[in-house]
């Protein structure tokens, strides 16, 4: 039986992972965590009976003690509680489904323990790519990508020599504003940005899809996951979201991973790896599908793509600035503090204002995080 710990069990990825686990007797849930959704965490705890649970919001810890204090369930709270969970070595797989750059430290801590990590938190590698991949190389830990694009590439590379790869091709739907004229970006509303045409995701990643920053972050993640040159990672807009990504080889052959636009498929693959297990998910029907089309991304309209490549090429601390600035700007947009079009502008300003520094350890990462947070929050506050 595979013992699994889930960070972010009440979010979109965590919920879908538990849907898979619910119908499979080969898994045992060792721990669960939530930020503030205590009602759902309580329901999940009652059903899956983990050994430990954590609620990050300290104000809600008493409710958990009232509910489970008399039972043999360890109750933790706050960021320190999360760190305690991610530092444990008594599980087989940790699913990091946390949102934003705060998930990076937990990927690092699990890697220190030699735990395999199903990584849905792409920001871990955007912010801490070198630190985490160096740690992975020196432990028994392995990264299993959960993002649909990176899962697709991972599957295409199985059994292949990385030296035979010519390029990686990340696909993206283009989001809700693929056909929207840039002249209308100034008036885009939160409600419009949250209406993704194909995927059902949490609000943060849905906004990232609308700005296409998700593709930019995915380029950086792919760079660290697969050890590929920057110029050999391409983005193609594929509105139907059937081809989840492709690998082009040096002999001209191209491998693609296809399927319905559902996060259940990559989650299922990561949880069960190295086995493929039969499931009841709806299969893609070639004969009753629409045509598959492809477009070049408009990097002038979706400036976040250009900014991500720029940050990756600049290296060192710049991807951290990109990620942190984006996280704060997306939150500000969701809270009606800035406009949709401001997201890319503020990120660009943060990158321009940043003084590059070497990233040698976790402390240096958090120094850049804190500096960027202060800069962006001041910019938003002074608007």
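Please find, within segment 270-290, the residue that is nearest to residue 20 (Cα to Cα) out of those that are in contact with a strand residue (DSSP E or B) (Cβ under 8 Å, 6 or more places away or on another chain) and not in a loop (DSSP other than H, G, I, E, B).
271
Say whether the condition of being within 24 Å of the chain's Cα centre (by Cα), closer than 18 Å to residue 78 by Cα and surrounded by 17 or more Cβ atoms within 10 Å (Cβ to Cβ) is met by at least one residue in segment 12-23.
For segment 12-23, residues within 24 Å of the chain's Cα centre (by Cα), closer than 18 Å to residue 78 by Cα and surrounded by 17 or more Cβ atoms within 10 Å (Cβ to Cβ): absent.
Within segment 181-212, how many residues turn out to be exposed (fewer than 15 other Cβ atoms within 10 Å of the Cβ) and under 29 Å from residue 231 (Cβ atoms)?
Of the residues in segment 181-212, 1 are exposed (fewer than 15 other Cβ atoms within 10 Å of the Cβ) and under 29 Å from residue 231 (Cβ atoms).
Checking residue 305 against (1) outside any helix (DSSP H, G or I); (2) under 21 Å from residue 123 (Cα atoms), which test does it fail?
The one condition residue 305 does not meet is (1).
Could you check segment 258-269 and list, in sequence order, the residues that are part of a loop (DSSP other than H, G, I, E, B) and touching a residue at least 24 places away in the same chain (Cβ under 8 Å)?
Listed by number, the residues that qualify are 259, 260, 261, 263.
Kindly provide the set of residues from segment 63-86 that are within 28 Å of the chain's Cα centre (by Cα) and either outside the structural domain of residue 52 (by TED's automatic domain parsing) or outside any helix (DSSP H, G or I) (or both), ordered by number.
Result: 74, 75, 76, 77.
If residue 132 satisfies every condition in (1) touching a helix residue (DSSP H, G or I) at 6+ places or on another chain (Cβ under 8 Å); (2) outside any helix (DSSP H, G or I) but one, which is the exception?
(2)
Could you please give the count of residues in segment 301-312 that are over 18 Å from residue 175 (Cβ atoms) and in contact with a helix residue (DSSP H, G or I) (Cβ under 6 Å, 6 or more places away or on another chain)?
Adding up the residues that qualify gives 2.
The values are calculated or read from the model by the stated rules, or taken from the named source; none is laboratory data. Note that the coordinates shown come from a computational prediction; the quantities given were computed from them, not determined experimentally. FYI the Cβ positions are ideal-geometry reconstructions off the backbone, even for glycines, and counts take in every protein chain you see.
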